[in-house]
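Below: the structure, in structure tokens.
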């Protein structure tokens with residue numbers, strides 16, 4: 001993104017990315033740059049499953065009291081903050097993680113379904129990550145978010161599909177970094193010209209986003 005801003009002398013207002021780019025570090029980077037983020041949570045598809053919604057061990061299925069900073073488990077017992085640890089990413093980003101521990105798992109009939117620990121259940125939660133993930137989730141499920149995500153799939157992933165299937169481009173014909181880069185740039189140039197010609201023919205020159213189709 002920094003390279004694009006330098007080369008284009010412009011900054012995109014909205015950033016749309018797949019789940020592989022989700023991280024607390026990326027959320028805060030975009031927030032600092034005053035850019036709206038539409039990043040698909042890594043567990044987005046899992047959230048939809050009935051098995052996940054019935055899993056009492058998941059933090060998402062517990063009730064959280066922000067005023068007391070504690071979770072309530074399926075059996076009504078409290079998981080309170082017992083400490084804070086710090087984790088460092090490969091990029092030297094340091095995140096703060098809160099450790100929650102159940103007040104007492106003794107005699108709980110749900111313990112086998114809730115935790116594999118012999119003692120009380122513990123879980124680690126990054127409050128910052130949870131907060132930013134929720135914002136991103138609300139963004140991608142909004143009307144504009146759905147349109148942006150749909151267009152990302154069409155414009156980005158669709159381009160590679162056309163090159164490989166329609167253009168039958170399965171391997172580079174040249175060797176060496178510079179030669180391969182030049183070959184790929186020529187391929188992209190041809191793709192863009194063909195795309196531009198199609199837009200002219202269909203009268204879509206000023207239309208940057210495909211509208212969402214409804215049944």
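Quick notes on this one:
- Within the chain, antiparallel bridges make up roughly 85 percent of the DSSP beta bridges whose residues both belong there.
- Taking every C-alpha pair closer than 8 Å and separated by at least 6 residues, the mean separation divided by the residue count of the stretch 55-130 gives a relative contact order of 26 percent.
- In the chain, the DSSP-assigned H stretches of four residues or longer account for a calculated mean residue ellipticity at 222 nm of -11000 deg cm²/dmol, using -39500 (n - 2.57) per stretch and the full residue count as denominator.
- [x] 13.1; [y] 18.0; [z] 17.0, with the label sought being that of the calculated mean projected area of the Cα convex hull in nm²: [y]
Every number in this text was worked out from the coordinates using simple rules, so none of it is lab data. Keep in mind the model is a prediction, meaning the values are calculated, not measured.
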